[in-house]
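Heads up, the thing below is written out as structure tokens.
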Amino acid sequence: SLPKPLNRPRKMPKQERSSELVSTIFEASVRIFESTKNLTFSTRSVAELAGISIGSLYQYFPNKEALVGALIEKEGRKHIVEIKKLYSELKNENLEGGTHAILFNLFSQVNKNKKFLRGILKSVFHVERLETVIENRNLAMEFIAGVLLEKNIVSDRKTAMAKAYVITASCGGMVETIIFRDDESISIDEITQQMTKMVVGFCKLP
């Protein structure tokens, strides 16, 4: 069989104890990511901060690229899971109310963690994990298309996917704008209100 690419974990944990170890590695990585530029840290510094041996870290991540790649995947998946969970809790909300709640939650989380996310985004090409970002965008698109069909906003899948494509690209662009912005004179609340108007108005267009 072919060897795993260098930017992939050696394995992922199957037992609770192993999961806790990997969670500790991730937490230490996030803290270091927030205080450094791009990939100017070492796996040894992550292991030291996590309070584990470098050998324990290498059991799962053979190098820095594999660790950063796993962080990119974890972060993208996390937002998708949170959006789906929030939607399931807001199923009885109208389109505007539900959209506002989901976007506010997403934009607030991104704004809160933007220093870390800035480092993650800058590293995507370096560790060759663009396909992970694309996969997550596709998951978001499928979810939005499903909602549009479920709510009878559109009646056919082709239109649903086309609308979902535009909504995903627009919201993804706003997420990236929030991550890289230094001027915070426009509040997350105002951004959410305007983005909600745009998404809801677009959904209602034929």
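Measuring against 32 Å, Cα to Cα, the residue pairs Lys112/Lys158; Lys122/Lys151; Lys114/Lys163; Lys64/Lys197; Lys122/Lys163; Lys122/Lys197 contain Lys112/Lys158; Lys122/Lys151; Lys64/Lys197 as the ones spanning a longer distance. For the stretch 87-206, the Kirkwood estimate of hydrodynamic radius, built from reciprocal distances between every pair of different alpha carbons, is 15.3 Å. Karplus-based coupling profile of the stretch 183-196, in residue order and whole Hz: 7, 10, 5, 8, 6, 4, 4, 5, 4, 4, 4, 5, 5, 4, with θ = phi - 60° in 6.51 cos²θ - 1.76 cosθ + 1.60 and x standing for Gly or Pro.
Applying the Kirkwood pairwise sum to the alpha-carbon positions of the chain produces a hydrodynamic radius of 18.6 angstrom.
Dividing the summed -39500 (n - 2.57) terms of all DSSP H runs of n ≥ 4 by the residue count of the chain sets its mean residue ellipticity at 222 nm at -24500 deg cm²/dmol.
Residue-wise HN-Hα couplings along the stretch 85-95, as the Karplus relation 6.51 cos²θ - 1.76 cosθ + 1.60 with θ = phi - 60° gives them from phi, are 5, 5, 4, 5, 7, 10, 4, 8, 5, 6, 4 Hz; Gly and Pro carry x.
Each Cα pair under 8 Å and six or more residues apart adds its separation to the average, and for the stretch 114-206 the resulting relative contact order is 31 percent.
Karplus-based coupling profile of the stretch 64-77, in residue order and whole Hz: 5, 4, 5, 5, 5, x, 5, 5, 4, 5, 4, 5, x, 4, with θ = phi - 60° in 6.51 cos²θ - 1.76 cosθ + 1.60 and x standing for Gly or Pro. For the pair the stretch 110-155 / the stretch 180-201, the C-alpha centres are spaced 18 Å from each other. When the Debye formula is applied to the Cα atoms of the stretch 136-205, each taken as the same point scatterer, what base-10 log of I(q)/I(0) results at q = 0.15, 0.19, 0.20 Å⁻¹? At q = 0.15, 0.19, 0.20 Å⁻¹ the computed log10 ratios are -0.53, -0.77, -0.83.
Only the coordinates and a few stated rules stand behind these numbers; no lab work does. Values in this document were obtained by computation on a predicted structure and should not be read as measured data.
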